[in-house]
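The values are calculated or read from the model by the stated rules, or taken from the named source; none is laboratory data. Given the structure is predicted, the values throughout are model-derived calculations rather than measurements. Using ideal geometry, Cβ is built from the backbone for each residue, glycine included, and neighbour counts are taken over all protein chains shown.
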Amino acid sequence: MFEKMIDKSMAKSPWIFHINAGSCNGCDIELVSVLTPRYDAERLGFRLTGTPRQADIVVVSGPVTLQSRDRLIRTLEQVPQPRVVVSLGSCPRSGNVFKGSYAIDGPLEKWTHVDVSVAGCTPKPEAIVAALAQATQILEQKRKEMRK
Amino acid sequence: MNILLYNLFYLLVFPGLLFCILMGVLLSGLDRILVARMQRRVGPPLLQNWYDFLKCMGKETIIPRHARRTVYLFAPVVGFGALITISLFLPVLNGKAAFSGNSDLVVILYLLTLVSVCGMVGASASGSPFAGVGLSREMVAMISYELPFVLVMLSVSLKTVALNPMGAPLTFSLTEIWNYQAAHGPLICHWSLIPAALAMLFVIPCEVGMHPFDVAEAETEICEGMLAEYSGKPLAVYKLTHMVKMYVMCALFYVLFLGGLSTGMAAVDVVIFVLVCALLTFLTMSLPHAVCARFKVEQVFQFYWTWVAALALVSLVLVFFGL
Amino acid sequence: MNTFMQNFPILAIMSLFLGAFITSLVARHSQKAGNFISALSVTLALGFILALFKPVMLDGQIITYWLGGWEPVAGWAIGICLEVDALSLFFGLIVTVAVFVSCLYSFTYMNHDDALPNYYTLFLMLSGSVLGLVLSGDLFNVFVMIEIMTFTAVALTAFRTSYEGALEGAFKYLAVGSLGSTGVLVGIALLYSQLHTLNLAQIAALMPVTQGSSVVLAIAFGFLFIGFGTKAFLFPFHPLAADAHAVAPASISLMISGVLTKCGVYGIIRLTYILFQNANRPVVSYLVTGFGAVSMFVCVTMAFNQHNFKRLLAFHSISQVGYVITVVGLSSALGLGAGLYHAMNHTIFKGLLFLTAGAVQHQTGSLDLDRLGGLSKRMPKTTALFLIGAASISGLPPFNGFASKWMIYQATFNAGLLHHNLFYLAVCVCALLTSVLTLASFIKVTQSVFFGQLPKEYEQVEEVPLAMRLPMWILAVLCVVTGLFPSLVQTYLLTPAVSAIANIPAYVDAAMGAGYAADRSVPGGVIASLPVTNTWTPTAWLALLFSVTCAVAIVAILGSPKDRQHEYISQMGEEESAKYDSFFSGEQAVYSQVGGSDLFWGFKHNWRKYFAVMHNWHSGIVNDYTLYGVAAIAFVLLVCVTTL
Amino acid sequence: MLPYVTKALSNLFKKPSTEAFPAGEPPKAAPHYRGRLHYDPTLCINCGMCMRVCAPQAITREIVKLENGDQQITFTYDMTSCTFCNTCSDFCSKKAITLTEDYMIVGTKPEDFLVSGTFIKKAPPPKPKLTPEQIAEMKEKAEAAKAAKAAAGGVAPAAPAGEKPKFTPEQIAEMKAAAEAKKAAAAKQEG
């Protein structure tokens, strides 16, 4: 019963850790605006944490630059299971306008499995909320798989 | 046998473990909703913190390379145990505490310290540099609120003892304080203690580590500070400790300044108690959270050692001169 | 009276002194034999003192021994006397236990040093002199013992001459310490000129307590007070202790902080409660309490600034002695009980802490808080011991520091209440604050020495051998036991000691013959006698704490089914995965090392002016320190002459 | 401090200003919002201009030759690569590309982010085959036309390839005069 309760609350309290892998700050600002009164992701239980150890959902923004690559990989490894990786904006999936630059070592798919993506440059907060909501479903599923 | 059962009941149900957790979850949920409403948000569901706790229980617990396993895992648990023990000393219902002695206040003071110290030792054992910064801030915050807290404590004891002289041995007893209030009305109605009550209201959020004073757990500056390396079950216990601490501090204020009230019906008393706790949560935690930005650690220290300590000192001096 | 028992005090002292001489003869040829002799003599001393426990503590006897059988004739005591009442025995117990532990520890701890025969000789002489001091019934003997104690302590401080500052520390101790010794000598001379006797009991009997005292006696009191205060390293003398502790071997630091300072405390109690019987006069009370409170607070703030493990402990040592002196000055049974209790606890936990510091130094060769770190990985048992000691000194329940500190708060609060005095209330606040500050600086040590990250150079450090851990465990167990059963301590140690202080006629009669006190109408005592009730009972809620902790532990750790636990708690295995690195914003683990010795800048920033003053004040120049000492003597004399 | 407190307290009794989104339909985007791209293959003429102007190179074109000679042309627009700058739409002469107001571009697979359209470019109708007589006839006709032209123009017959045309001295003098006049006019303008 306890385990079932945990399963259910997995989707109800997803904590987000945000990694900026060389983003232009546009997506980062939109992610913060998700927590503002207008969009209020906290009513779904979202919370921004400051450390990967407490995160359930890792949100990555930015094309993966050479400078940030190692740090990104290291930080992603430090997130406990079950975890979901969300790519925010166009950059992490493709490199966007930075595609082909010598300073880019993307896309994010090369380094980790991306569960949910939200495209846009930058995405609208509603789209981010929708993506995060989708991520919570995946989180719950992963937890159930982990239990089996 | 009966005594054992009673003790187990005290320990596990009321006013111990279950009641504490229930109140902690409710109050912290209420706090989050109230803050959200003051910011014109909808806010999370009332049981959000309970979900958080459960979720953390289900996560993987990573023990970092630099951590000392035993201390890392057991420090939060010991801290939580100490917190539950405090609740057993609080005579929240009819002046009867599950366990009472002649030194309640000092014991409570030190148990609260123990709770914080367990957090700090755990953070220290996790080996993270952020945790190191966090624990240093927590310690400075503790030094900050300790002075006003001690002054409040002394003025309350002085007030309750001063009017029945030669009852001296029971100076720091909460039961005594309750009985005094039952006879003379709640202490908050005595004007000489109003500054102390105000000071205590300021002490509560810092003791709990609520928003404007949560220098130790600043998410954005120092990556959750003391909890930087914590994940999974120990983190869940820390979160639970945080919730229960809100309840314990509210209940402590209730006992110190609003005690002695009793309608004779236990159920009504409990309802009144819960309502008072909710009000205190709103006043001391939600309102500053919604209104203030986080202080710097020097500012916290300055604020508590000047304004709040001055308030408490005024009370102490007034009480000392028999007012 | 049991005549056989009467020989035990002198046997205890002589076993130590004889041991010293035999060791110096034997150890030149065989160090093992020397060690054996030292161990034998400290064990014998401990045995003799323990044997006195029953008659003195339980039956309330006072044992006197006249050297050479020179008993008092016609009401005048000329011979040298040992007089063991419960107070003396209380301190005797503290001393012998500390000596025993220190000696055990030395065997392994000192094995890298040369000139060991000298070490054990000096060590045993130090022990013997301290024991002689607390058991002595004769004021001049007290002075002789103080001198032996000071000089052996100085020699032992400088024992490791290779350390930077060893000779300097020893020289400071010698110079300023002799100021205190001189004070005692002058005080004794003045006292002798007035009362024509050196026997403690007779002085107590002849002291004109009720009919106003002379100026000379007031000056004598002032000199004696400051002399004993120097031995306890009270406020203006505290830099000495810091310098001495930082360079002395850890076993000697234990002796200096646990035993030598207790001599000062013992002297002040004897002085104010029995010899001059003026502890209940407000001036003396303010003087003693004031000095105690200032030492308590100044030293704890000074400890914030230290970067050396043992220097930090040294400042705390004086801070804790400040607690003891503070409550001793309250002249109440509760205060005295609290003071004695804390004195005992201080020896136990501070001894433990010094020994752990010594263990760290022994294994790593460093005491620098900036360089050490993460030793809990390599020395887990020492860490556990240190945590017990740190929790005790910070007054965390359920260890012994809490029990005695609780009594201290109670005593100061009650004093403020009964005398309706704001000063005592301020002292109470000060004591509570000091406790928090103590905690803060031990958090700092915990973080910067034992937790945090292990520097590369200490990766091969090993745990100290069992022979060094055993003495530490003895003290750690004492920490827990005296904390868990304060009522037993109360009944068997504190109450007898306090009632011995409260009953001066008995003390006088034991030495001078029955009826001597009554003839000279010696007053009963400065404090209302007994009992020192009002202990707190920790066992009940300790059981609660324990059960709650167990319950939560079960929920937390075993909440998930057992067979899948490894999936939930993951610990580093063989693989070098970044998963188990500290999170440092994604940087590599090697960059995440942060020094911890300056942890509390938030606090220190606000107090920067105070710390600047203190920094200038502790100049490290022996002339300055002597000047402070002289100023303190002048101040005390002024107070004594004008008001007593 | 006080204004903040009063504001917070008054907010307590107001309705939250949060939109209901995850519960109901997503709200409409602002006018002229540039969201998911819409491509209408029926309008496209395969000019490739959009590909040329796309900075992040989000557009790919795939041309498959069918058996009947037609080309099946597929334009694929990758939304995870797009910066939504609207340049492709601006440059599209046939207005085949428009950026819609649909901003909900969320998915778990790469396919969720692709917008593509396919059209078939018809090959031109096959030319009829000529008989040798017809060719000869056409040649004759062309030559006849040339001759007629030369006779009408009175111009010297075209010089053989590779040689410069020869001008008469009068023609050269005329051209020189014209060039000088041009120069003088330019100098006047500058002056």
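Do we find a residue being within 14 Å of chain C (Cβ to nearest Cβ) and β-branched (Val, Ile, Thr) anywhere in the range A:28-42?
no
Contact list please: Cβ distance under 9 Å, first residue in the range C:193-216 and in a helix (DSSP H, G or I), second residue basic (Lys, Arg) and at pLDDT 80 or above, pairs at least six apart or on different chains.
Note: pairs meeting the criteria are C:200/C:270.
Among the residues of the range A:86-98, are any among the aromatic types (Phe, Trp, Tyr), away from chain C (no Cβ under 12 Å) and out of contact with any strand residue (DSSP E or B) (no Cβ under 9 Å at 6 or more places or on another chain)?
The answer is no; no qualifying residue exists.
Can you pull out every residue in the range C:61-84 that is more than 19 Å from residue C:13 (Cα to Cα) and hydrophobic (A, V, I, L, M, F, W, C)? Outline the logic, then answer.
First, pick out the residues of the range C:61-84 that are more than 19 Å from residue C:13 (Cα to Cα): C:61, C:71-78.
Once the filter is applied, which keeps residues that are more than 19 Å from residue C:13 (Cα to Cα) and hydrophobic (A, V, I, L, M, F, W, C), the range C:61-84 yields C:73, C:74, C:76, C:77, C:78.
Could you say which residue among B:94, B:102, B:49 is at pLDDT 85 or above and polar (S, T, N, Q)?
Numbers: B:94 fails: at pLDDT 85 or above; B:102 fails: at pLDDT 85 or above.
Checking each option against the conditions leaves just B:49.
Residues in the range A:71-80: is at least one more than 11 Å from every other protein chain (Cβ to nearest Cβ), hydrophobic (A, V, I, L, M, F, W, C) and either without any contact (Cβ under 8 Å) to a residue 40 or more places away in the chain or at positive phi (or both)?
no
So which of C:507, C:492 ends up being closer than 30 Å to residue C:415 by Cα, buried (at least 22 other Cβ atoms within 10 Å of the Cβ) and not basic (Lys, Arg)?
The conditions single out C:507.
Given the residues B:23, B:38, which is the only one that is under 18 Å from residue A:34 (Cα atoms), out of contact with any Gly (no Cβ under 7 Å at 6 or more places or on another chain), crowded, with 21+ Cβ neighbours inside 10 Å and more than 9 Å from chain A (Cβ to nearest Cβ)?
The unique qualifying residue is B:38.
Could you please let me know if residue B:229 is at pLDDT 80 or above, over 23 Å from residue B:285 (Cα atoms) and acidic (Asp, Glu)?
Spelling it out, residue B:229 is indeed at pLDDT 80 or above, over 23 Å from residue B:285 (Cα atoms) and acidic (Asp, Glu).
Every residue, every condition in (1) in contact with a strand residue (DSSP E or B) (Cβ under 6 Å, 6 or more places away or on another chain); (2) surrounded by fewer than 20 Cβ atoms within 10 Å (Cβ to Cβ), yes or no:
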| position | (1), (2) |
| --- | --- |
| B:233 | yes, no |
| B:241 | no, no |
| B:259 | no, no |
| B:275 | no, yes |
| B:321 | no, yes |
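With respect to residue D:34, is the statement that it is within 30 Å of residue A:116 (Cβ to Cβ), in contact (Cβ under 8 Å) with a residue 12 or more places away in the chain and away from chain A (no Cβ under 14 Å) true?
No, not satisfied.
Being within 14 Å of chain B (Cβ to nearest Cβ), over 18 Å from the mean Cα position of the chain (by Cα) and of a type outside the set (Ser, Thr, Tyr), is that true of even one residue in the range C:480-489?
Looking for residues that are within 14 Å of chain B (Cβ to nearest Cβ), over 18 Å from the mean Cα position of the chain (by Cα) and of a type outside the set (Ser, Thr, Tyr), one finds at least one in the range C:480-489, hence yes.
Identify the residue in the range C:435-466 that is among the hydroxyl-bearing types (Ser, Thr, Tyr) and buried (at least 24 other Cβ atoms within 10 Å of the Cβ) and, among all such residues, is modelled with the lowest pLDDT.
Looking at the filtered set, the residue picked out is C:448.
Report whether or not residue A:23 is in contact with a helix residue (DSSP H, G or I) (Cβ under 7 Å, 6 or more places away or on another chain), modelled with pLDDT of 85 or more, part of a loop (DSSP other than H, G, I, E, B) and more than 14 Å from chain C (Cβ to nearest Cβ).
yes
Condition check: more than 7 Å from every other protein chain (Cβ to nearest Cβ) and at pLDDT 85 or above. Does residue A:65 satisfy that?
It is true that residue A:65 is more than 7 Å from every other protein chain (Cβ to nearest Cβ) and at pLDDT 85 or above.
Out of all the residues in the range C:381-393, is one or more touching an Asp or Glu at 6+ places or on another chain (Cβ under 9 Å) and more than 8 Å from every other protein chain (Cβ to nearest Cβ)? Spell out how you get there, then give the answer.
Narrowing the range C:381-393 to residues touching an Asp or Glu at 6+ places or on another chain (Cβ under 9 Å): C:381-382.
Those still in the list that are more than 8 Å from every other protein chain (Cβ to nearest Cβ) too: C:381-382.
Checked the range C:381-393: at least one residue is touching an Asp or Glu at 6+ places or on another chain (Cβ under 9 Å) and more than 8 Å from every other protein chain (Cβ to nearest Cβ).
In contact with a His (Cβ under 6 Å, 6 or more places away or on another chain), charged (D, E, K, R) and buried (at least 24 other Cβ atoms within 10 Å of the Cβ): does that describe residue C:350?
no
Residues of the range C:467-479 being under 20 Å from the mean Cα position of the chain (by Cα) and either surrounded by 15 or more Cβ atoms within 10 Å (Cβ to Cβ) or charged (D, E, K, R) (or both), which ones?
C:471, C:472, C:473, C:474, C:475, C:476, C:478, C:479, listed by residue number.
Pairs needed: first member in the range D:151-178, loosely packed, with under 10 Cβ neighbours inside 10 Å; second member anywhere, at pLDDT 55 or above; C-beta distance under 7 Å; at least 6 residues apart or different chains.
D:157/D:150
Where residues in the range C:403-434 are more than 10 Å from chain B (Cβ to nearest Cβ) and more than 27 Å from residue C:389 (Cβ to Cβ), which of them is surrounded by the fewest Cβ atoms within 10 Å (Cβ to Cβ)?
C:419
From (1) within 12 Å of chain B (Cβ to nearest Cβ); (2) free of Cβ contacts under 8 Å to residues at least 60 places away in the same chain, pick out the condition that doesn't hold for residue C:399.
Unmet condition: (2).
Looking at residue B:249, is it more than 14 Å from chain C (Cβ to nearest Cβ) and surrounded by 23 or more Cβ atoms within 10 Å (Cβ to Cβ)?
When the stated conditions are applied, residue B:249 passes them.
If you take the residues in the range A:111-148 that are small (Gly, Ala, Ser), within 9 Å of another protein chain (Cβ to nearest Cβ) and buried (at least 20 other Cβ atoms within 10 Å of the Cβ), which one is nearest to residue D:22 (Cα to Cα)?
Per the criteria, the residue is A:130.
Here's a check for you: in the range D:78-122, which residue that is of a type in the set (Ser, Thr, Tyr) and under 14 Å from residue D:56 (Cβ atoms) is farthest from the other protein chains (Cβ to nearest Cβ)? Give the derivation first.
Step one: of the range D:78-122, the residues of a type in the set (Ser, Thr, Tyr) are D:80-81, D:83, D:87, D:89, D:93, D:98, D:100, D:103, D:108, D:116, D:118.
Next, only the ones that are under 14 Å from residue D:56 (Cβ atoms) stay: D:80-81, D:83, D:87.
Values: D:80: 4, D:81: 4, D:83: 4, D:87: 12 Å.
Ranking the qualifying residues of the range D:78-122, first place goes to D:87.
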